[in-house]
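Right, one structure below, let's go through it.
What follows is calculated from the coordinates using simple rules that are stated; it is not laboratory data. These numbers come from a predicted model, not from an experiment. Glycine also receives a Cβ, built like all others from the backbone with ideal geometry; neighbour counts cover every protein chain displayed.
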Amino acid sequence: MDAGRADAAISFEPHRPRLTRVAYRMLGSVADAEDVVQDAFLRWHTTDRSEIDNAEAFLVRVVTRLCLDVLKSSRRKRETYIGPWLPDPVVESEADMAEDVTLPLLLALERLSPLERAAFLLHDVFGMEFEEVATAIDREPAACRQLAARARQHVHEARPRFAVDQRRGLEFAEAFFAASQTGDMAMLKSMLAADITVTADGGGKRPAGPVPIVGFDAVMKLMERMARMFASAPSQLVRFATINGLPGFVTLEADGELQTTALEIVDGKIAGIYVVRNPDKLGHLDGMALN
């Protein structure tokens, strides 16, 4: 590595975790976030860094604008995506990227325009002043306030009123995993909310429901079918974990592929089950199955 690149890397690396969090929350894709951050590094390397007063602000601005470019093409890809789309699962130990943005909030952000998403995340999540947000997305501060306000209205319902204690959440995950694998329907009935929804993302690469399954009765029928399947081909538990801010677990399935299951708990009941099966979204977890 040449001296200039080494110097750029030394000054860039302390900012990489924050930049990765910004990019992931903007894009919902671990691979895309890593690509954006690497592009930001290349720009940092070729920039006259002596002219930059605030390195972090400069790099957040670069990453935000790169993400806005990616989102323009991502929206076209989502229109042809097979089945429900879920963000890449991020497990708590991975750079602590999910500590303040849960999976339901990430899904709510998907319904926002790219600029609304950027204004909301930079101000409400990362605590940047609107003047800084304005510089990052090339808009006036007043316009950024309006963007964030509109975003806030849309995502309000997705923000949990009462955060579930992590230990209690993982106890839920353990109980749900055991009941689903053993076919304990009585236990499952006691755990599920009346308006529960199950969303599975297979991306056309692995079997998954073409639409979310909604309602207690429909989900219980699914649980019964899954229990019969697990009787002959059980899931192998890899670990219980917090996934995108929700309690859940990582499993190795009968087809040899990893899968993540995250549980949204509301008022002591499981209100949402989010299953990621698309192998394209699980590659960053491959080493986990070997531990």
Requested in this report: Please give the calculated 222 nm ellipticity per residue for the chain, where each DSSP H segment of at least 4 residues contributes -39500 (n - 2.57) and the sum is spread over every residue; nearest 500 deg cm²/dmol?
Outcome: -15500 deg cm²/dmol
Requested in this report: Identify which of D69, D184, D267 has the largest mean-square fluctuation in a Gaussian network model of the chain, with springs joining Cα atoms closer than 10 Å.
Outcome: D267
Report summary line: Counting Lys and Arg as +1 and Asp and Glu as -1 over every other residue whose Cβ sits under 13 Å from the Cβ of A231, the net charge comes to 0
Query raised in the report: With springs only between Cα atoms under 10 Å, which of K77, K281, K205 fluctuates most in a Gaussian network model of the chain?
Result: K77
Query raised in the report: Using a Gaussian network for the chain with springs between C-alpha atoms less than 10 Å apart, which of these wobbles most: I82, I270, I196?
Result: I82
Query raised in the report: Once the Cβ-Cβ distance between S50 and R78 is put in as r, and R0 is 41 Å, what FRET efficiency do you end up with, to the nearest 0.05?
Result: 0.50
**Report entry** Computed E for A194/H284 - FRET, C-beta separation, R0 45 angstrom, nearest 0.05
**Finding:** 0.80
Requested in this report: Between H154 and V125, with labels modelled 7 Å along Cα→Cβ, what's the label distance in nm to one decimal, could you check?
Outcome: 1.3
**Report entry** Segment R239-A271, length gained on full extension (0.36 nm per residue, minus Cα span)
**Finding:** 9.3 nm
Requested in this report: Would you kindly state how much longer the chain becomes between D138 and M187 on full extension, computed as 0.36 nm times their sequence separation minus their alpha carbon distance, in nm to one decimal?
Outcome: 12.4 nm
Report task. Could you check the simple spin-label distance between R65 and A175, using points 7 Å along Cα→Cβ, in nm with one decimal? Result -> 5.1
